[in-house]
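Working notes for the structure below.
None of the figures in this text is laboratory data; all of them are computed from the coordinates on show. Because the structure is a prediction, the values reported are computed rather than measured. No Cβ is skipped: glycine too gets one built from the backbone with ideal geometry, and neighbour counts run over all protein chains shown.
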Amino acid sequence: MKTAFVTGASAGFGAAICRQLIADGYRVIGGARRADKLAQLEQELGENFIPLTLDVTDPASLDAAVALIHDSSLPIDVLVNNAGLALGIERAQHADAQNWECMIATNITGLAMVTHKILPGMVAANAGLIINIGSIAGTYPYPGGNVYGASKAFVKQFSLNLRADLAGTRVRVTNIEPGLCSGTEFSMVRLGGNHEAVAALYKDVDAISPQDLANTVSWIAGQPDHVNINSLEIMPVAQTYSALSVARNL
């Protein structure tokens, strides 16, 4: 039985990915900060789900989690770097610096450090798949995207550079870049718990769901070992590109 390690596993994309990979026959280690949510998932998913309390922004927490993985003698076949968040929609000149620091710590440093811990084992085994959950925000700028978009641009380039470093090995890397998604805590967190603003964002829009992302992860993981999906961008049909902004009478 293959083993997957999913960060940000307690809700949204992460929980859906855990469910799907277990349905696909994987053993799944689910890492997240909220132990109570992980316990609920363990009760739902059974013995093939292994809860792991983990804060990717805390080096001590990450070291302890990786030590537990190593002690379990379970080689990681698939790493899904899903932990991430957006905070605020203010323009850069009005943004909260603590929000910027948190997004950088989670979306950039956390993702990189988890990868740094797991990657050597994959290289030693000459096998494995890393799936990074990026965003279309890493490609298409928009007002209020500032550091969140920049963090996802890091994920895009980091994924490509991993592929370059892994030349000559059988370790694969994919960056999934979703667009507008509903059914997660993402927008509630970003908008500071403003239920009305969240409802307005998704009003009359058939957005991507966590299961859509889980299906995508499942498809990528199911490709033959000689096939690498470099990147995969997904939007709901209802979403497309905006016109370039033009400010008049400056």
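Evaluating 6.51 cos²θ - 1.76 cosθ + 1.60 at θ = phi - 60° for every residue in the range 127-136, the Karplus couplings come out as 6, x, 9, 10, 10, 9, 8, x, 5, 5 Hz, glycine and proline recorded as x. Helices that extend 24 Å or more along their long axis by alpha-carbon positions and average at least -0.5 on the Kyte-Doolittle scale are, among the DSSP H runs of the chain, 146-165. Charge tally around Asp77: other residues with Cβ under 14 Å, Lys/Arg +1 each, Asp/Glu -1 each, net +2. Phi angles of the range 101-109 translate, via the Karplus equation with coefficients 6.51, -1.76, 1.60 and θ = phi - 60°, into HN-Hα couplings of 4, 5, 5, 5, 5, 7, 6, 9, 5 Hz per residue; Gly and Pro are given as x.
For the range 6-155, the Kirkwood hydrodynamic radius from C-alpha pairs, put into Stokes-Einstein at 4 °C and a viscosity of 1.567 mPa s, yields a diffusion coefficient of 81 µm² per second.
Close amide H contacts of Leu129 (hydrogens built in the peptide plane, cut-off under 5 Å, sequence separation of 5 or more or a different chain): Val78, Leu79, Arg172.
Give me the net charge for the shell around Arg190: Cβ to Cβ below 15 angstrom, other residues only, Lys and Arg +1, Asp and Glu -1. Net charge around Arg190: -2. Measuring nothing but alpha carbons in the chain and taking Rh as the Kirkwood radius, the Rg to Rh ratio lands at 0.97.
For the chain, with a Gaussian network of springs between Cα atoms less than 10 Å apart, report the residue from Pro51, Pro59, Pro210 with the top mean-square fluctuation. Top of the fluctuation ranking is Pro59.
In whole percents, the pair-distance distribution calculated for the range 126-250 from its alpha-carbon pairs, binned every 10 Å from zero, is 11, 36, 33, 15, 5, 1.
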